[in-house]
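What follows is a single structure, written as structure tokens, with notes after it.
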């Protein structure tokens, strides 16, 4: 089942696919769906990315449905605002929990999932299921080491510098109100809602990010020519 799902999802455009046992972290409403399929794409979270993640989740769901397993497809972050039943269920299970449980990455000081290959630049989707999947080894503590670049360069002072750990789930990583106020001011001044410094400054995945940008730029130049 793992190979079937991974093949279909990577062929469909997923850059990362992981499988996790999340039974210990589920609310009663979904406690029967103890396995998670974590899907990541190396793209900014925008309308096109949400559409791609939606297609990938549907591919996973079709396979699970065909094999007779139950499932629950969790919407991408920017899709939560829609007034749908599944969007209301989103707070029951965060994508980062599935990704860390699958061993895809850890939570950085910036509060974002950090992948060794892609840094904080993965957009995520999750499908919960009762299928008997083979699961990865969870990452339970931060692997940021002594790096504090995101703390030092955050213009709003929102990043506290604390380290994430499953053993300390309530440690404040980001002062959310500081971040919200900064975003609100940026939107008022130049129409842009995010500064993105905590993403761009992260050394993890930076080389891969530059490589992808070079490929994309070369494609654009070819179209212009």
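The values are calculated or read from the model by the stated rules, or taken from the named source; none is laboratory data. Model, not experiment: these values are computed from the prediction. Reconstructed Cβ throughout: ideal geometry from the backbone, glycine too, with neighbour counts over all protein chains shown.
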Failed item, numbered, when residue 68 is tested on (1) modelled with pLDDT of 95 or more; (2) surrounded by 15 or more Cβ atoms within 10 Å (Cβ to Cβ); (3) farther than 24 Å from residue 199 by Cβ
(2)
Considering region 11-54 alone, what residues qualify as being under 16 Å from the mean Cα position of the chain (by Cα) and assigned to a helix (DSSP H, G or I)?
47, 48, 49, 50, 51, 52, 53, 54
Scan region 180-210 residue by residue and report those that are in a helix (DSSP H, G or I) and free of Cβ contacts under 8 Å to residues at least 24 places away in the same chain.
180, 183, 184, 185, 186, 187, 188, 189, 190, 200, 207, 210
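For (1) closer than 28 Å to residue 4 by Cβ; (2) in a loop (DSSP other than H, G, I, E, B); (3) at pLDDT below 95, each residue gets a yes or a no:
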site	(1), (2), (3)
82	no, yes, yes
88	no, no, yes
135	yes, yes, no
152	no, no, no
155	no, yes, yes
162	no, yes, no
167	no, yes, yes
Just to be sure I understand, how many residues within region 1-59 are in contact with a strand residue (DSSP E or B) (Cβ under 6 Å, 6 or more places away or on another chain) and loosely packed, with under 14 Cβ neighbours inside 10 Å?
0
Could you please find all residues in region 184-211 being modelled with pLDDT under 90 and buried (at least 16 other Cβ atoms within 10 Å of the Cβ)?
186, 195, 205, 208, 209
